[in-house]
Structure formats: structure tokens, C-alpha cells
Amino acid sequence: MKRGDRGSAVLALQKKLSNVYFYPDKGAKNNGCDGIYGSKTEDAVRRFQLIHGLTADGIYGLQTAKALDKAIATQKKSKPKKSPTHKVIKGDTLWDLAIKNKTTVATLKKLDKLKSDTIYPGQILKLK
């Protein structure tokens, strides 16, 4: 694809570029994703190509497509995993939670910034 192209394939490209923070137009609605391969899309492709060691011609070809798909896959893998949590119910103790989660009371207190061993129903505690 190149400047002047239009359609759903261009829109898909723009959304992919947006996913890896090479927005066709950061300030515009939908980041400028409009299905028109104009100067902003060409510029976003060129910047992506430069960063990824490709020929920076602003044309979306096979090598750029592979590199973009790889960048998206890498980004998905590198997203930070959410820490497991537990909503305290009546009868829970830090000791029991520590045993069930293979950690210590001291670690739970540090994670949750607790000053005492007292926990309350409804409280959300980080476990790791």
C-alpha cells in the first residue's frame, strides 16, 4: 500500500500503527484512522520503518507488514501482568492467605502497606 490508497486495508494498517504508538495523527478523533493513506499515514509508516531498520520509503510492503506484526506481538507479550488480589471475607486471616499463596505475612503486609495484622471483610489485598 502507498500514498493515495483507500479502504479497509488502509484502515487496518492505521489501527495497527496506532496499536504500537505510531499514530497517523495523535490529536485527531480515532488517532486519524480514516482509511485514507495520506501524508500522515505515510509519515507514520516511514517513522516505523526507520525505527525498525527497514528502508524508510513510506510504502507498506511485505517487510514492513512482518515487522509491524512482530512489533504488535512483542508488545502484547510485554504487557505487565496484573498482580493477583483477594477480596477479604469474614474469617480470613493474613496467616491463612500467606499459607494459601506461598508467601509470608510480612510480605503481604508490605505489599498492602498494612501497619497491623488486622484485615476487614471487603478489603482488597495484593497477594504477590
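The values are calculated or read from the model by the stated rules, or taken from the named source; none is laboratory data. All figures in this text were calculated on a predicted structure; none of them were measured in a lab. With ideal geometry, Cβ positions are generated from the backbone for all residues, glycine too; neighbour counts draw on all protein chains shown.
Okay, residues lined up against (1) of a type in the set (S, T, N, Q); (2) under 30 Å from residue 117 (Cβ atoms); (3) touching a helix residue (DSSP H, G or I) at 6+ places or on another chain (Cβ under 8 Å); (4) modelled with pLDDT under 95:
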| position | (1), (2), (3), (4) |
| --- | --- |
| 5 | no, no, no, no |
| 9 | no, no, no, no |
| 19 | yes, no, yes, yes |
| 25 | no, no, yes, yes |
| 29 | no, no, no, yes |
| 50 | no, no, no, yes |
| 62 | no, no, no, no |
| 73 | no, no, no, yes |
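The numbered conditions (1) modelled with pLDDT of 95 or more; (2) in contact with an Asp or Glu (Cβ under 9 Å, 6 or more places away or on another chain) are all true for residue 67 except (2). Please verify whether segment 71-86 includes one or more residues that are touching a residue at least 40 places away in the same chain (Cβ under 8 Å), in contact with a His (Cβ under 9 Å, 6 or more places away or on another chain) and among the small types (Gly, Ala, Ser). Checked against the condition, which is being touching a residue at least 40 places away in the same chain (Cβ under 8 Å), in contact with a His (Cβ under 9 Å, 6 or more places away or on another chain) and among the small types (Gly, Ala, Ser), segment 71-86 yields at least one hit.
Among the residues of segment 1-11, is there at least one that is part of a loop (DSSP other than H, G, I, E, B), under 23 Å from the mean Cα position of the chain (by Cα) and among the basic types (Lys, Arg)?
At the first step, the residues of segment 1-11 found to be part of a loop (DSSP other than H, G, I, E, B) are 1-5, 7.
Imposing the further condition that a residue be under 23 Å from the mean Cα position of the chain (by Cα) reduces the set to none.
There is no residue in segment 1-11 that is part of a loop (DSSP other than H, G, I, E, B), under 23 Å from the mean Cα position of the chain (by Cα) and among the basic types (Lys, Arg).
The set of residues in segment 69-128 that are surrounded by 11 or more Cβ atoms within 10 Å (Cβ to Cβ) and assigned to a strand (DSSP E or B) comprises 85, 86, 125, 126. Of all residues in segment 5-39, those that are surrounded by 19 or more Cβ atoms within 10 Å (Cβ to Cβ) and over 27 Å from residue 77 (Cα atoms) total 1.
Output the number of residues of segment 32-57 satisfying the condition of being assigned to a loop (DSSP other than H, G, I, E, B) and under 11 Å from residue 17 (Cα atoms). Lay out the reasoning, then the answer.
At the first step, the residues of segment 32-57 found to be assigned to a loop (DSSP other than H, G, I, E, B) are 33-35, 37-38, 52-57.
Next, only the ones that are under 11 Å from residue 17 (Cα atoms) stay: 33.
So the answer is 1.
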